[in-house]
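The values are calculated or read from the model by the stated rules, or taken from the named source; none is laboratory data. Here the structure is a predicted model, which means the values were calculated and not measured. When we count neighbours, we look across all protein chains shown, and the Cβ atoms used for this are built from the backbone with ideal geometry, even at glycine.
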Amino acid sequence: MKHKKNTFIKIPFRGSGFSYRKNYWISPVVFIVLIALWHLGSTLGFISKLVLPNPTEVVIAFHDLYVTGDLYLHVGASLKRLILGWTLGSILGIIIGFAIGLFSLVRAGLAPIVAAIFPIPKIALLPLFIIWFGIGELSKVNLILFGTLFPTIIATYGAIDNVDRSLIRMGQSFNLTWFSITKKIVFPASLPVILSNMRITAAIAIILIVAAELIAAEKGIGAYIQMAGSLFAIDRLLAGIIILSCMGLIANWLIGFTERKLLKWRNL
Amino acid sequence: MELVVEGVSKTYDDLLVLNQIDLTADEGQIVCIIGPSGCGKSTLLRLMGGLEEPSSGNIKTRGSPPSDCLNALTFIFQDFSLLPWRTVESNISLVLEDHPISNKEKQEIINSVLQRTNLSEFSKRWPRELSGGMKQRVGIARALAVNPSILLMDEPLSALDSQTSEILLNDLIDLWDKQRFTSIYITHNLSEAIRIGHKIVVMSRRPGEVRETVNIEKALKERELRNIELEKYLWDLLKEEAVAAEREIGSET
Ligand SMILES: Nc1ncnc2c1ncn2[C@@H]1O[C@H](COP(=O)(O)OP(=O)(O)OP(=O)(O)O)[C@@H](O)[C@H]1O
Ligand SMILES: [Mg+2]
C-alpha cells in the first residue's frame, strides 16, 4: 500500500452481484431454444422416436384432443373433482382450524387426531374410499377433500397461534367484542398463512386426482395419461403432462391474484 | 376520573414482580412512572387497564367518566399496535364499530381526532406508509376517538427518534391542556417525565415498590426544556437500582 502522499485514488466499486435483477426476456428465450433443440434432435434422428416424439407430434396430439372433444371431457372431469374436493376441504379445514385455534376444548379434543391423520399419504386411502363411496365420483372427491383438509387445519391453527398477541390485547383494551376481535384482528392476521397454504394444497390436490385417476377412472387427465401410456403413445402422454403443468400454473396464478387483492396492505 | 391503586402485588409463578404498590392519580393529573428496566412498570399499567388481575390489592376508579366516553381506561402503546390491514381512518373506526353510533357520527369523530392530531391528509394511508411519529399520532388519535377519561401510556415516545418525540411530547402537552385527561405515563426518559408529569413516581428494581414520589407544581405549559437539578435528583435515586437491575439475570422484556 505504498502510494504517494498527494495522489488521489478513486475508490473502486466492489458492491456488485448477489442481488436479484428482473429479466423478462431470458426465460422465453431459454424455452424456445430448448424446444428448437428438441425439434432439431428429433428431426435429425439424435432423439429416438420411442423415447421422445417430435414436438410437432405433441402439438398434433393436442389438436386431436381438442377436435374430438376429449380435451373438454377429460379436463372437465378432473376439474370438477378438483374444484369440488379442494373447495370443500379448504372451507372445512379453515372452520376446523379456527375452532382449534380459538377454543382450548376443541384443541384438546381434535388436535391429536389431526396430527395422527395428517402424515398418512392420502392416496393410500383410495382403496378404502372406493369400498366406502364406490368407484364413482364420490371416492375421488372425498380423497381430495381429505388431502386438502388436514394441511389446511394445521396451517390455520398454526397461523392463529402466531397472531401478534399485542394486537389482541389492543382489541381487548378497547373493549372490542370477542366476535370483533376474531373477525377484525385474528382472521386478517392469519390470512397470509392460510392463502400461502392454499398454494400447497392446490398442488396436493392435483397430485391426488392424477394418482386416483391413474388407478381407477374412465375420464380425467390421469385416465387419459394412463391410456396413452398403455398404448405407448408418448405424444399423447406428453400432451397430458403439459395439461397438468398448465393446471398447476393456473391454480398458482389464481391464488397469487387473490393474494394481491386481499393482501394489498402488505406491499405496494 | 381518579385512579387509585391500593396495596397491589403481582406474582408470575414464583416471581414477585410488584410489591405493595400504592399510588393515586387525581382528576386531570399526569402521573409519570419511572424505574429500572424489568421493575414491573408495564405490568402495573396492564393491571390498571384491566388486562391482567393483581395477585393481591385493589385498583379502583372514582368519579364518573364524561357522558360521551366510550372506553374510560384507554391505552396508547409503545409499539403503536395499529392493524396493518386497515388504513389510518379504518384503524380509528375499529374502536367505534362495536358501539351504537351512526356512520355519520362515526365519521365526524374520526375527522375530529384526525384533525386534532394533524393527520387529516393521511386518513386513507396504510400504516406501513407512515413514519414512526405518524404511526404514534394514529395511536393517539385512536385513543382520543373513544373520549377516554384516563389515558394509560407505556413509553409512547420511546420508539421514536428524539426530534420526533420532542414534537409529539409538545402535542401531548397541548392536548392535555385542552382536555385535561387523567393519565399514567411510563417512561425511561427523565427529562420527558419532568416535562409532562404533575407527579413522578420512582420505582425500585424488581420486586417493584414505590421508592419516592415527587410532585411538580409548575404548570406544564410553563416548564423549561430541561430541569437539570431535578433530573440529577431523580437520576441519583435511580442510578443504584438501574446498575443492579442491569446486571440481573432472567429479567427479559
Ligand atoms: N406474562 C408474564 N409472565 C411471566 N413473567 C412476566 C410476564 N410479564 C412480565 N413478566 C416479568 O415481570 C417483570 C417485569 O416486567 P415489565 O414488562 O412489567 O417490566 P418494565 O418495568 O415494563 O420493564 P421495561 O422498562 O424494560 O419495559 C420482568 O422480569 C418480566 O420478565
Ligand atoms: Mg415496559
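Of all residues in region B:176-190, which are more than 16 Å from ligand 1 (Cβ to nearest atom) and crowded, with 18+ Cβ neighbours inside 10 Å?
Hits for region B:176-190 are B:Trp176, B:Phe181, B:Thr182, B:Ser183.
Just checking, does region A:179-196 include any residue being more than 14 Å from chain B (Cβ to nearest Cβ) and at pLDDT below 95?
yes
Counting only residues that are in a loop (DSSP other than H, G, I, E, B) and either of a type in the set (Ser, Thr, Tyr) or more than 12 Å from chain A (Cβ to nearest Cβ) (or both), which one in region B:125-146 is farthest from B:Gly38 (Cα to Cα)? Walk me through it before giving the result.
Of region B:125-146, the ones in a loop (DSSP other than H, G, I, E, B) are B:125-126, B:130-131, B:146.
Those left that are additionally either of a type in the set (Ser, Thr, Tyr) or more than 12 Å from chain A (Cβ to nearest Cβ) (or both): B:130-131.
Numbers: B:Leu130: 30, B:Ser131: 28 Å.
Restricting to residues being in a loop (DSSP other than H, G, I, E, B) and either of a type in the set (Ser, Thr, Tyr) or more than 12 Å from chain A (Cβ to nearest Cβ) (or both), the top hit is B:Leu130.
Given the residues A:Gly158, A:Gly147, which is the only one that is crowded, with 22+ Cβ neighbours inside 10 Å, more than 10 Å from chain B (Cβ to nearest Cβ) and part of a helix (DSSP H, G or I)?
On the way: A:Gly158 fails: crowded, with 22+ Cβ neighbours inside 10 Å.
From the options A:Gly158, A:Gly147, the qualifying one is A:Gly147.
Restricting to region B:229-244, count the residues that are hydrophobic (A, V, I, L, M, F, W, C) and modelled with pLDDT of 90 or more.
The initial filter retains those residues of region B:229-244 that are hydrophobic (A, V, I, L, M, F, W, C), namely B:230, B:234-235, B:237-238, B:242-244.
After this cut, where a residue has to be modelled with pLDDT of 90 or more as well, the list is B:230, B:234-235.
Residues meeting the conditions: 3.
Among the residues of region B:47-69 satisfying the criterion of being within 16 Å of ligand 1 (Cβ to nearest atom) and closer than 23 Å to B:Leu175 by Cα, which is nearest to the other protein chains (Cβ to nearest Cβ)?
B:Gly49
Being in a loop (DSSP other than H, G, I, E, B) and crowded, with 18+ Cβ neighbours inside 10 Å is the filter here; which residues of region B:81-97 pass it?
B:Ser81, B:Leu82, B:Leu83, B:Trp85, B:Arg86, B:Thr87, B:Val95, B:Leu96 - these are the residues of region B:81-97 that are in a loop (DSSP other than H, G, I, E, B) and crowded, with 18+ Cβ neighbours inside 10 Å.
Does region B:24-42 contain at least one residue that is away from every other protein chain (no Cβ under 14 Å), more than 10 Å from ligand 1 (Cβ to nearest atom), among the charged types (D, E, K, R) and within 26 Å of B:His188 (Cβ to Cβ)?
yes
Do we find a residue being more than 21 Å from B:Ile59 (Cα to Cα), more than 16 Å from ligand 1 (Cβ to nearest atom), out of contact with any Phe, Trp or Tyr (no Cβ under 8 Å at 6 or more places or on another chain) and free of Cβ contacts under 8 Å to residues at least 40 places away in the same chain anywhere in region B:143-152?
Yes - at least one qualifying residue is present in region B:143-152.
Within 30 Å of A:Val193 (Cα to Cα) and away from chain B (no Cβ under 14 Å), is that true of A:Ile225?
The answer is no for A:Ile225.
Here's the yes/no breakdown for (1) free of Cβ contacts under 8 Å to residues at least 40 places away in the same chain; (2) surrounded by fewer than 17 Cβ atoms within 10 Å (Cβ to Cβ); (3) not in a loop (DSSP other than H, G, I, E, B):
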position: A:Gly15; (1), (2), (3): yes, yes, no
position: A:Ser19; (1), (2), (3): yes, yes, no
position: A:Asn23; (1), (2), (3): yes, yes, no
position: A:Pro28; (1), (2), (3): yes, yes, yes
position: A:Ala36; (1), (2), (3): yes, yes, yes
position: A:Leu52; (1), (2), (3): no, yes, no
position: A:Val58; (1), (2), (3): no, no, yes
position: A:Leu65; (1), (2), (3): no, no, yes
